[in-house]
Ligand SMILES: C[S@@+](CC[C@H](N)C(=O)[O-])C[C@H]1O[C@@H](n2cnc3c(N)ncnc32)[C@H](O)[C@@H]1O
């Protein structure tokens with residue numbers, strides 16, 4: 001029995017409604033393969049599943065074994081989805097899913113350093129074989145201002161400077177517990193705070209370690225390019241900064257002229273490549289939130305590639 005297998009796919013029915021029927025799909029964030037298994041069961045002919053994390057991929061291989069060669073696996077960042085698709089002879093696909101962030105399996109693997117409920121080295125890389133720095137390297141080598149910026153921007157932490165200065169005074173810091181304890185001492189929990197004060201700091205470090213926002217920003221236009229006319233891209237985000245990137249990229253890609261309003265005649269020649277399927281993001285209903293608290297902050301946005309592109 002493997003207790004990592006029960007990652008519950010978020011917004012599953014809305015994702016299936018958005019992407020199916022389809023022949024060829026890409027799941028850019030395969031995880032345990034929950035969405036992919038459901039997409040195959042719902043009639044997708046083939047799915048190419050990517051994950052930056054080799055251990056997630058190994059788990060997905062086991063969970064999806066019943067689908068045989070209808071599922072293809074690539075140990076790759078979703079930003080490289082085009083190369084992975086070309087490798088199996090696909091130039092265009094009917095749909096792409098990105099379900100961002102980390103999975104419950106990763107949170108439950110103490111040695112990954114994502115969770116402070118376990119004591120472990122501060123790692124937090126989705127791909128421990130890649131070339132990104134670990135969280136320990138950021139914590140121990142960045143200066144106080146750089147650390148404070150990370151905590152403020154990616155964690156919306158109001159005590160960012162105080163926490164960063166304390167880290168710089170007390171380092172080296174190598175473990176999740178040591179960091180969580182330090183944060184607790186310098187930024188005590190407010191009565192109104194429902195979460196441990198280290199939660200925002202861990203989230204911010206994870207986003208920085210994996211360069212998550214820049215990766216998303218680069219990947220969305222690549223994904224749109226890969227869609228056939230009428231194909232769809234569905235993105236589930238869990239963080240307001242991610243959702244903002246998805247929203248703005250989709251808005252730009254679905255707009256023809258982007259000249260400033262004071263320009264009398266269009267000079268930009270910008271043309272929409274997609275249409276918005278939903279103006280407001282799809283969110284989990286009360287039943288799903290009760291069943292899977294992780295779905296509380298999930299936002300699903302969907303675009304469809306236009307078919308009258310020249
Ligand atoms: C929320 S989980 C996906 C869960 C999956 N939808 C399921 O139903 O099992 C996100 C996954 O994306 C992976 N991931 C994060 N950033 C990635 C990236 N840039 N490229 C590929 N995979 C990434 C993580 O390793 C994790 O396994």
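Points worth noting:
- Residues (surrounded by 23 or more Cβ atoms within 10 Å (Cβ to Cβ) and more than 14 Å from the chain's Cα centre (by Cα)) located in the range 88-111: 93, 95
- Search result, residues across the range 141-161 that are assigned to a helix (DSSP H, G or I), more than 24 Å from the chain's Cα centre (by Cα) and buried (at least 16 other Cβ atoms within 10 Å of the Cβ): 144, 161
Let's see how each residue does on (1) touching a residue at least 40 places away in the same chain (Cβ under 8 Å); (2) in the same structural domain as residue 29 (by TED's automatic domain parsing); (3) over 30 Å from residue 142 (Cβ atoms):
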{"position": "195", "(1), (2), (3)": "no, no, no"}
{"position": "220", "(1), (2), (3)": "no, yes, no"}
{"position": "224", "(1), (2), (3)": "yes, yes, yes"}
{"position": "232", "(1), (2), (3)": "yes, yes, yes"}
{"position": "271", "(1), (2), (3)": "no, yes, yes"}
{"position": "280", "(1), (2), (3)": "no, yes, yes"}
{"position": "292", "(1), (2), (3)": "yes, yes, yes"}
{"position": "300", "(1), (2), (3)": "yes, yes, yes"}
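- Taking each residue of the range 171-186 that is in contact (Cβ under 8 Å) with a residue 40 or more places away in the chain and looking for partners that are in a helix (DSSP H, G or I) and buried (at least 16 other Cβ atoms within 10 Å of the Cβ) with beta-carbon atoms closer than 6 Å, six or more apart or interchain, yields 173/139; 173/179; 174/136; 180/198.
Okay, residues lined up against (1) touching a helix residue (DSSP H, G or I) at 6+ places or on another chain (Cβ under 9 Å); (2) closer than 26 Å to residue 285 by Cα:
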site	(1), (2)
12	yes, yes
17	no, yes
31	yes, yes
38	yes, yes
59	yes, no
70	yes, no
94	yes, no
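- Filtering the range 110-129 to residues that are under 23 Å from residue 50 (Cα atoms) and either touching a helix residue (DSSP H, G or I) at 6+ places or on another chain (Cβ under 7 Å) or assigned by TED's automatic domain parsing to the domain that holds residue 203 (or both) leaves 112, 113, 114, 123, 124, 125, 129.
- Taking the listed residues 195, 201, the one that is modelled with pLDDT of 95 or more, away from the ligand (no atom under 12 Å from the Cβ) and farther than 25 Å from residue 308 by Cα is 201, with no other qualifying.
- Residues being more than 16 Å from the ligand (Cβ to nearest atom) and touching a strand residue (DSSP E or B) at 6+ places or on another chain (Cβ under 8 Å) - total across the range 119-162: 5
- The residue list 76, 55 contains one member that is in contact with a strand residue (DSSP E or B) (Cβ under 9 Å, 6 or more places away or on another chain) and free of Cβ contacts under 8 Å to residues at least 60 places away in the same chain, which is 76.
The values are calculated or read from the model by the stated rules, or taken from the named source; none is laboratory data. Since this is a predicted model, take the numbers as computed values, not measurements. Reconstructed Cβ throughout: ideal geometry from the backbone, glycine too, with neighbour counts over all protein chains shown.
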